[in-house]
Amino acid sequence: MLYQSFRPGDPAHGYLAWFSPLIGFLSVAALALVPLALAARPAARLVEAALPERSPRPAWEVCRLASAAAAFLLVQESLERWLSSGDVRLASFGPATALLLALVLTIAAAAVVALERSIAKLAADRAPAPAYAPALPAWAATLAAPARPRPLALHAGLRAPPLLG
């Protein structure tokens, strides 16, 4: 779309007549629906359930995201070549293109992971404190309950019955 293939003029890119508007529509829909889904708590829970678990190591997330993007690009390029030439074959890239592709995907994945982690940190910092915040630290809750005072040790302790007689 960015290099004027949204409205292809040559017969080699005729298949983009349906493919490019579909990708454009899905991209705009994703941009519009993600903030709405995150604003609604039930929908946010569904989105969170569909997403993979966050790794404590950002490098692992960068590798996972870059690999998924590379796989998507490989499938997309294979599909485009299949639709334009008519024969099914896997897309292949030259060494320089593959190296540049790996570099760009890694930088883009690192930017996405950094942005996601910064937004999560900002959201955690802005989260309101719970209204039922305990006065004691969490480790104090495991201590035994304080012993009841001994009744006879107080000044109003038990007294003996009166003497009769």
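The values are calculated or read from the model by the stated rules, or taken from the named source; none is laboratory data. Small disclaimer: the values here were computed from a predicted structure and weren't measured. Heads up, the Cβs are rebuilt from the backbone with ideal geometry, glycines too, and the neighbour counts pull from every protein chain shown.
Miscellaneous remarks
- The set of residues in segment 76-106 that are surrounded by fewer than 12 Cβ atoms within 10 Å (Cβ to Cβ) and β-branched (Val, Ile, Thr) comprises Val88, Thr97.
- Search result, residues across segment 51-75 that are surrounded by 14 or more Cβ atoms within 10 Å (Cβ to Cβ), closer than 18 Å to Val113 by Cα and hydrophobic (A, V, I, L, M, F, W, C): Val62, Cys63, Leu65, Ala66, Ala69, Ala70
- Criterion violated by Ala12 - all others in (1) modelled with pLDDT of 80 or more; (2) in a helix (DSSP H, G or I) satisfied: (1)
- Residue match in segment 72-85 (condition: among the basic types (Lys, Arg) and in contact with a Phe, Trp or Tyr (Cβ under 8 Å, 6 or more places away or on another chain)): no
- Restricting the first member to segment 51-75 and to residues that are under 16 Å from Ala120 (Cα atoms), and the second to residues that are of a type in the set (Lys, Arg) and in a helix (DSSP H, G or I), the beta-carbon pairs closer than 8 Å and six or more apart or on different chains are Pro52/Arg64; Ser55/Arg64; Pro58/Arg117.
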